[in-house]
Amino acid sequence: MKRIALEILEDIPINAQIITRCKALKELSFKIAIVDYANRSEHIVLLPHVNYVKIDLLTISLEQAATYIAVIRKKSAAKIVAEKVEDEVIF
């Protein structure tokens, strides 16, 4: 389990059942990741219960990414993973 993270995909509706399941799995030492984080209210509620937050840099501006990171840092100790860093400018 140390090298595997369970991903919550962007098309999964975040509800009380998902949040409860994530809390339980995290307590069992599973690693949980939000994919394509979008700063939506349901993502923000889930932040304390995940280990990783993946941000797709091809779908948002760098300014939006900075805003997302600020929110994530306030609500979670999760590691932030930048996805689709495909050129030096984005890097």
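The values are calculated or read from the model by the stated rules, or taken from the named source; none is laboratory data. These numbers were taken from a predicted model, which means no experiment stands behind them. Ideal geometry is used to build each Cβ from the backbone, glycine not excepted, and the neighbour counts take in all protein chains shown. Ligands, DNA and RNA are stripped out before the accessible areas are found, and what is left, the full protein with its side chains, is counted by its heavy atoms. Shrake-Rupley method; radii C 1.70, N 1.55, O 1.52, S 1.80 Å.
Summary table
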item: Close pairs (9 angstrom Cβ cut-off, 6 or more residues apart or separate chains): polar (S, T, N, Q) in the range 72-91, assigned to a helix (DSSP H, G or I) anywhere; result: 76/46; 76/47; 76/48; 76/49
item: Number of positions in the range 12-30 that are in a helix (DSSP H, G or I), surrounded by 12 or more Cβ atoms within 10 Å (Cβ to Cβ) and without any contact (Cβ under 8 Å) to a residue 24 or more places away in the chain; result: 2
item: Identity of the residue in the range 36-45, closer than 16 Å to residue 69 by Cβ and among the aliphatic types (A, V, I, L, M), that ends up surrounded by the most Cβ atoms within 10 Å (Cβ to Cβ); result: 44
item: Residues (touching an Asp or Glu at 6+ places or on another chain (Cβ under 7 Å) and either open to solvent by less than 80 Å² (accessible area, probe 1.4 Å) or polar (S, T, N, Q) (or both)) located in the range 1-11; result: none
item: Qualifying residues in the range 39-55 (those that are outside any loop (DSSP other than H, G, I, E, B) and either farther than 20 Å from residue 21 by Cα or of a type in the set (A, V, I, L, M, F, W, C) (or both)) - the one modelled with the highest pLDDT; result: 53
item: Residues of the range 56-91 classified as of a type in the set (S, T, N, Q) and at pLDDT 90 or above, total; result: 3
item: Of all residues in the range 81-91 being open to solvent by 50 Å² or more (accessible area, probe 1.4 Å) and within 18 Å of residue 5 (Cβ to Cβ), the one that is nearest to the chain's Cα centre (by Cα); result: 81
